[in-house]
Amino acid sequence: LTHLNDIQELDASRAASFPQFAAGDLLLSLRHQSMLLVVDPATLRVKWYQVGPWIGQHSPLFMNTGKISVFSNNDDGTMTGEKFGGSIIMEIDPQTRQVVRRYGGIAGEPMYTPSRGTHQRIGARHEGILITESRAGRVLEIGADGKLVWEYINRFDDASVGILTGATRYPADYFTVKDWTCP
């Protein structure tokens, strides 16, 4: 009925950017209602909610900037997304309710997955975006300038791709291995 597809906790490191919320509050994504809401888990009180303009969204994130980022699938019942212009990464200011498009939905930024789809914000100010376009079997990174940095397509054969359900970008110092050569 609701298709709750994601829950994100507001951690202490970002809580100061959201004066209307508190560390530990939960950001929920209800796909079938195209609704995001923030709930206090102790009292179950809804502190904020908004319906759209995203459609069938996934992967909402609290950002260091005091905004919420979301992957709007924009499922329009087609295989190509031509009715609504494809999937879009959006940012919402929960205080003003202003929504800004960050990537997708315009010429030159093709992206569409009617279901699934994730994104990860990259950089200290979350200026970059790692996107998983699930049905296209594609992962792409968008730089701070809004331009494509790189992409990977999970090819099965010349005519097919394998669906990807997510991707994660790790910092270069994440791995402690010093020598990757094989004996």
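The set of residues from the stretch 3-37 being under 23 Å from Ile88 (Cα atoms), open to solvent by 60 Å² or more (accessible area, probe 1.4 Å) and outside any strand (DSSP E or B) comprises His3, His32, Gln33. Does Gly81 fit the bill of being crowded, with 19+ Cβ neighbours inside 10 Å, on the phi > 0 side of the Ramachandran plot and at pLDDT below 95? So Gly81 passes the test.
Residue check: Ser59 meets all listed conditions (1) among the hydroxyl-bearing types (Ser, Thr, Tyr); (2) over 17 Å from the mean Cα position of the chain (by Cα); (3) under 21 Å from Thr2 (Cα atoms) but one, namely (2). If you filter the stretch 55-67 down to residues that are touching a helix residue (DSSP H, G or I) at 6+ places or on another chain (Cβ under 7 Å), in a loop (DSSP other than H, G, I, E, B) and on the phi < 0 side of the Ramachandran plot, you find that the one that is surrounded by the most Cβ atoms within 10 Å (Cβ to Cβ) is Gln57.
Pairs meeting the criteria (first residue in the stretch 16-32 and more than 13 Å from Val51 (Cβ to Cβ) and of a type in the set (Phe, Trp, Tyr), second residue open to solvent by less than 30 Å² (accessible area, probe 1.4 Å) and not in a loop (DSSP other than H, G, I, E, B), beta carbons under 8 Å, at least 6 apart or on different chains) are Phe18/Phe62; Phe21/Ala15; Phe21/Val38; Phe21/Trp48.
If I filter the stretch 45-54 for residues that are modelled with pLDDT of 95 or more and small (Gly, Ala, Ser), do I get at least one hit? No, because not a single residue in the stretch 45-54 is modelled with pLDDT of 95 or more and small (Gly, Ala, Ser). Note on the stretch 103-159: enclosed strands (runs of 3 or more DSSP E) holding 1 or more residues that are buried (at least 20 other Cβ atoms within 10 Å of the Cβ) and β-branched (Val, Ile, Thr) are 118-122, 128-133, 138-142. Find the residue count for the stretch 141-175, including only residues that are charged (D, E, K, R) and in contact (Cβ under 8 Å) with a residue 12 or more places away in the chain. The number of residues fulfilling the criteria is 4.
Residue check: Asn73 meets all listed conditions (1) among the polar types (S, T, N, Q); (2) out of contact with any helix residue (DSSP H, G or I) (no Cβ under 9 Å at 6 or more places or on another chain); (3) buried (at least 22 other Cβ atoms within 10 Å of the Cβ) but one, namely (2).
A quick yes/no check of all residues on (1) over 18 Å from Asp6 (Cβ atoms); (2) touching a residue at least 24 places away in the same chain (Cβ under 8 Å):
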{"site": "Gly81", "(1), (2)": "yes, yes"}
{"site": "Phe84", "(1), (2)": "yes, yes"}
{"site": "Gly105", "(1), (2)": "yes, yes"}
{"site": "Gln120", "(1), (2)": "no, yes"}
{"site": "Ala136", "(1), (2)": "yes, yes"}
{"site": "Val177", "(1), (2)": "yes, no"}
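Among the conditions (1) more than 16 Å from Ser134 (Cβ to Cβ); (2) in a strand (DSSP E or B), the only one that Val70 does not satisfy is (1). Checked against (1) surrounded by fewer than 17 Cβ atoms within 10 Å (Cβ to Cβ); (2) within 23 Å of Thr118 (Cα to Cα), Pro41 meets all criteria but (2).
The values are calculated or read from the model by the stated rules, or taken from the named source; none is laboratory data. Source: prediction; values computed, not measured. Ideal geometry is used to build each Cβ from the backbone, glycine not excepted, and the neighbour counts take in all protein chains shown. Note: areas computed on protein heavy atoms with side chains; ligands, DNA, RNA excluded. Shrake-Rupley method; radii C 1.70, N 1.55, O 1.52, S 1.80 Å.
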